[in-house]
Amino acid sequence: MEEKFILGIESSCDETAAAVICGRRLLSNVIFSSATEQAKYGGVVPEIASRAHTEAVDEAVKQALNEAGLTVKELDAVAVTYGAGLLGALLVGLSFAKSLAYSLNIPLIAVNHIRGHLAAAYLCDNNLKPPYITLLASGGHTAIIHIKTYTEFEVLASTSDDAAGEAFDKVARVLGLPYPGGPNVQRLAEGGEAVIDFPPSLVRGSNTQFSYSGLKTSVINYCHTAEQKGEQFSKADVAASFQKAAIDPLVKKTVENAVKLNVGTVTAGGGVSANGYLRERLKAECKKHNLKLVLPEKGFCTDNGAMIAMEGLIQYNAGNFAKMNINACAQIPLK
């Protein structure tokens with residue numbers, strides 16, 4: 001990959017992030033989060049997120065450039081998330097990036113947020129190159145993907161309803177845990193045992209379809225039934241049992257696909273890949289099957305500008321530049 005200075009800007013949800021890379025070297029990574037404010041409302045409020053991005057984006061970019069030891073005139077391109085995400089939030093980052101790229105007369109690169117999560121692994125292993133298998137698990141997507149080249153991939157399995165991260169957030173609310181749900185479910189699960197027989201996230205009889213709707217409903221019904229009967233139950237056991245049912249099938253199918261396709265490397269991406277139980281299960285299964293595992297640091301699993309810059313570099317090398325009339329999209333396909 002070329003040694004280009006790429007600025008990455010991310011504003012799809014509640015993090016305002018900016019980062020600078022040179023090739024695969026990360027020069028800076030700045031994140032301002034409105035999660036504390038959002039937690040007051042039990043989840044992300046789009047209007048609050050948009051205002052927070054508006055207030056933070058300029059400072060985030062300035063800090064990223066300062067930490068990288070660069071001026072804006074030394075940048076080769078500006079990469080920015082254009083979808084998927086909260087429309088108002090996306091527009092803040094996209095508008096800023098358009099203005100900056102236009103004023104500098106350098107390429108604007110529009111990045112699919114989910115492809116950014118896939119690209120995060122490149123920042124953690126300079127020797128990583130396709131082909132490999134990726135487990136994508138985030139708030140909006142759950143998929144097992146065969147990365148064939150830097151720009152081409154095939155989805156091998158995906159969810160037919162809720163995503164894994166979405167299920168974690170909903171279960172967290174049922175258990176009375178604060179936002180963000182995923183990390184809090186994991187912490188609670190560490191004090192429990194997976195002794196409750198919740199349905200696994202893999203659709204029965206299928207090798208390619210996951211489903212979190214039934215699992216989520218099963219957890220809700222278990223808790224509500226016990227509460228209505230006045231029975232005591234262990235929330236920690238519920239969390240541990242849900243976590244196992246949600247994650248074990250993902251890990252199992254990811255490794256099975258790597259073995260089946262004779263692909264020797266496995267990676268993971270998306271916010272759920274920061275889950276400690278998932279990471280330990282992946283390590284154990286990959287070791288068992290003699291597969292190389294590339295796990296991004298937990299900070300690169302959640303939303304950040306570094307992954308957007310990395311995917312921006314991939315698109316830069318492919319010559320995929322955006323026009324200045326590109327608009328933000330709340331929903332875009334994984335392409």
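Using a Gaussian network model of the chain in which every pair of alpha carbons under 10 angstrom is joined by a spring, one finds that among Asn275, Asn290, Asn112 the greatest mean-square fluctuation is at Asn290. Of the accessible area of the chain, computed with a 1.4 Å probe over protein heavy atoms only, carbon and sulfur atoms account for 49 percent.
Name the helices (complete DSSP H segments) of the chain with a Cα length along the long axis of 20 Å or more and a Kyte-Doolittle mean of at least 0.5, or state none. Don't skip to the answer; put the middle values down first.
Working: long enough: 46-68 (31 Å, -0.51); 87-104 (25 Å, 1.49); 213-229 (24 Å, -0.55); 235-260 (38 Å, -0.05).
Helices passing the filter in the chain: 87-104.
Comparing Val80, Val185, Val72 in a Gaussian network model of the chain where C-alpha atoms under 10 Å apart are linked, the largest mean-square fluctuation is found at Val72. Both radii come from the Cα set of the stretch 182-335: Rg as radius of gyration, Rh as Kirkwood radius; their ratio Rg/Rh reads 1.05.
Working out 0.36 nm times the residue gap between Lys229 and Ser95, then minus their Cα-Cα distance, what length gain in nm do you get to one decimal? Let's see the in-between values first.
Working: separation 134, 0.36 × 134 = 48.24 nm, distance 5.36 nm.
Gain in length upon complete extension: 42.9 nm.
Ranked by solvent-accessible area (1.4 Å probe, protein heavy atoms only, all chains present), the residues Tyr222, Tyr41, Tyr179, Tyr212 order from largest to smallest as Tyr41, Tyr222, Tyr179, Tyr212. Solvent-accessible surface of the chain, averaged per residue with a 1.4 angstrom probe and all protein chains in place: 43 square angstrom. Under 21 Å Cα-Cα from Lys323, which lysines qualify once same-chain neighbours fewer than 8 residues away are excluded? Those lysines meeting the cut-off are Lys4, Lys73, Lys98, Lys335. Per residue, the convex hull spanned by the alpha carbons of the chain comes to 124 Å³. From the phi of every residue in the stretch 5-15, what ³J(HN,Hα) in whole Hz does the Karplus formula 6.51 cos²θ - 1.76 cosθ + 1.60 yield, where θ is phi - 60° and glycine or proline is x? With coefficients 6.51, -1.76 and 1.60, one gets 8, 10, 8, x, 10, 10, 8, 7, 9, 10, 10 Hz.
Distance from the Cα centroid of the stretch 150-226 to that of the stretch 264-295 is 18 Å (rounded to whole angstrom). Residues whose amide H falls under 5 Å from that of Phe5, counting only those 5 or more places apart or on a different chain, are Asp76, with hydrogens built in the peptide plane. Once C-alpha pairs closer than 8 Å and six or more residues apart are averaged by separation and normalised to the residue number of the chain, the relative contact order reads 25 percent. Springs join every pair of Cα atoms under 10 Å in this Gaussian network model of the chain, and among Leu261, Leu75, Leu188 the largest mean-square fluctuation is at Leu261. Here His113 sits with roughly 20 square angstrom of accessible surface, probe radius 1.4 Å.
Within the shell of other residues whose beta carbon sits under 13 angstrom from the beta carbon of Phe300, the net charge comes to -3, with Lys and Arg scored +1 and Asp and Glu -1.
By the gyration tensor of its Cα atoms, with a ≥ b ≥ c the square roots of the eigenvalues, what is the shape of the stretch 124-170: rounded for a/c under 1.5, prolate for a/b over b/c, or oblate?
Details: a/c = 3.86, a/b = 1.90, b/c = 2.03.
Oblate, since a/c reaches 1.5 and b/c is not below a/b.
Placing unit charges on the Cβ atoms only, positive for Lys and Arg and negative for Asp and Glu, gives the stretch 129-260 a dipole magnitude near 220 debye about its Cα centre. Once Rg and the Kirkwood radius are both taken over the C-alpha atoms of the stretch 98-153, their ratio Rg/Rh works out to 1.08.
Take the alpha carbon gyration tensor of the stretch 1-149, find the square roots of its eigenvalues, order them as a ≥ b ≥ c, and report rounded if a/c is under 1.5; if not, report prolate when a/b exceeds b/c, else oblate. Here the stretch 1-149 falls in the oblate category. The amide H of Tyr132, built 1.01 Å from its N in the peptide plane, has Ile147 as neighbours under 5 Å, considering only residues 5 or more places off or on other chains.
The values are calculated or read from the model by the stated rules, or taken from the named source; none is laboratory data. Since the structure is predicted, the reported quantities are computational estimates derived from the model, not experimental observations. As a convention, Cβ positions derive from the backbone with ideal geometry for all residues, glycine included, and neighbour counts pool all protein chains shown. For the accessible areas, the whole protein counts, side chains as well, though only heavy atoms, and no ligand, DNA or RNA atoms are used. Shrake-Rupley method; radii C 1.70, N 1.55, O 1.52, S 1.80 Å.
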